[in-house]
Amino acid sequence: MTESYSEHNDREKLWELIKGVRFTMISHQTETQEVHSQPMTMLNFEGMDENQSLYFIMKDTNDIVQAITTGRHHLGLSFAKPSDDTYVSISAHGEISTDRALIEKLWNPWAENWFDGKDDPSIRVLVAKAFSAEYWNITDNKVTHLLKVLKGNVTGKPEKPDAEHAKINL
């Protein structure tokens, strides 16, 4: 099945919004049906299949690994870049990989702090396959945004900032 033009553009737009965000909050459901979130570092880089999946390295004892291996595959990923007024929420299906080639590709100096080298048997890769997303992106510059807020406070007639907001199915 080929990807439609609109779907391709949606994925490109999503990648543009999140590629500069270093940390992600990943939410999953616990065995007691609570929602638990934890920060993780997204390891995608330009040229990787970022239009399909998002990647994270974690230990085999991580709660997310436990959730996915026991059948709770649904994940929520939150990205925020307040300096750009950009916020993204992604719904994804999580899979766990022990593929050595993938670990090698994702390995970086920061991972050395968490593992005993690339061959550490506790390394797992979370592969989050996005299936829908929602984003908010204020396109006004900071000064224009501030002036609109101030004008609204003075006149009593709030002026909304120029912004993009969309829900997309991937």
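The values are calculated or read from the model by the stated rules, or taken from the named source; none is laboratory data. Everything quoted here is computed from the prediction, not taken from an experiment. Please note: Cβ atoms are built from the backbone with ideal geometry, for glycine as well, and neighbour counts cover all protein chains shown. With ligands, DNA and RNA removed, areas are computed over all heavy atoms of the protein, side chains included. Shrake-Rupley method; radii C 1.70, N 1.55, O 1.52, S 1.80 Å.
Here are the numbers for this structure:
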quantity	calculated
Candidate set from the stretch 116-132 (those that are modelled with pLDDT of 95 or more and of a type in the set (A, V, I, L, M, F, W, C)); member that is nearest to the chain's Cα centre (by Cα)	Ala128
Residue within the stretch 58-75 that is open to solvent by less than 60 Å² (accessible area, probe 1.4 Å) and under 12 Å from the mean Cα position of the chain (by Cα) present	yes
Selection count, the stretch 22-37, where residues are part of a loop (DSSP other than H, G, I, E, B) and not hydroxyl-bearing (Ser, Thr, Tyr)	4
Filter result for Gly20 (over 17 Å from Asn169 (Cα atoms), at pLDDT below 90 and either out of contact with any helix residue (DSSP H, G or I) (no Cβ under 9 Å at 6 or more places or on another chain) or open to solvent by 20 Å² or more (accessible area, probe 1.4 Å) (or both))	yes
Residues within the stretch 152-170 that are modelled with pLDDT under 75, closer than 30 Å to Arg11 by Cα and open to solvent by less than 60 Å² (accessible area, probe 1.4 Å), tallied	1
Residue within the stretch 40-56 that is surrounded by fewer than 19 Cβ atoms within 10 Å (Cβ to Cβ), part of a helix (DSSP H, G or I) and under 16 Å from the mean Cα position of the chain (by Cα) present	no
The stretch 104-134: number of residues that are of a type outside the set (Gly, Ala, Ser), in contact (Cβ under 8 Å) with a residue 40 or more places away in the chain and open to solvent by less than 30 Å² (accessible area, probe 1.4 Å)	6
Test: residue in the stretch 83-103 that is modelled with pLDDT under 90 and loosely packed, with under 14 Cβ neighbours inside 10 Å	yes
